[in-house]
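The values are calculated or read from the model by the stated rules, or taken from the named source; none is laboratory data. Quantities reported herein were computed from a predicted structural model and do not represent experimental measurements. Cβ: placed from backbone, ideal geometry, glycine included. Neighbour counts: every protein chain shown.
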Amino acid sequence: MLTKVHKWGNSLAIRIPKSIAREFDIDKNSIIEIVSEKNKIVIKPVTKPKYTIEELVAGIKDDNVHKEIDTGHNLGSEIW
C-alpha cells in the first residue's frame with residue numbers, strides 16, 4: 001500500500017489506513033514504536049501491560065507507600 005508523507009510542524013507525518021489501524025487495534029492516542037531495521041522503517045504497536053489487582057497490591061512495599069499529606073483544617077462542613 002502506498003501513502004504520501006506530509007509535513008506536520010517541524011516533523012514529517014504519514015497516515016495509517018483505517019484497515020491497518022483496525023487490524024492492529026491502533027486508534028487515536030495509541031502508542032507506537034518507530035525503529036530502523038536493516039534500512040527499513042518499522043512501525044510497531046505498543047501494547048500496555050494488563051495487571052490484576054492482586055499484582056498491583058503485591059507491588060506495594062514499605063518504601064513506596066505515600067505518607068499522609070496535611071491539607072490544613074476544615075473550611076466548611078467536611079467530615080474526615
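What the table below lists for this structure:
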{"item": "Considering residues of the stretch 17-74 that are touching a Pro at 6+ places or on another chain (Cβ under 9 Å) and β-branched (Val, Ile, Thr) only, the residue surrounded by the most Cβ atoms within 10 Å (Cβ to Cβ)", "result": "Ile26"}
{"item": "Residue in the stretch 46-55 that is among the aliphatic types (A, V, I, L, M) and either in contact with a Gly (Cβ under 8 Å, 6 or more places away or on another chain) or modelled with pLDDT of 95 or more (or both) present", "result": "yes"}
{"item": "Positions within the stretch 12-49 being in contact with a Ser or Thr (Cβ under 9 Å, 6 or more places away or on another chain) and small (Gly, Ala, Ser), in sequence order", "result": "Ala21"}
{"item": "Hey, Asp63 part of a loop (DSSP other than H, G, I, E, B) and either under 23 Å from the mean Cα position of the chain (by Cα) or not β-branched (Val, Ile, Thr) (or both) or not", "result": "no"}
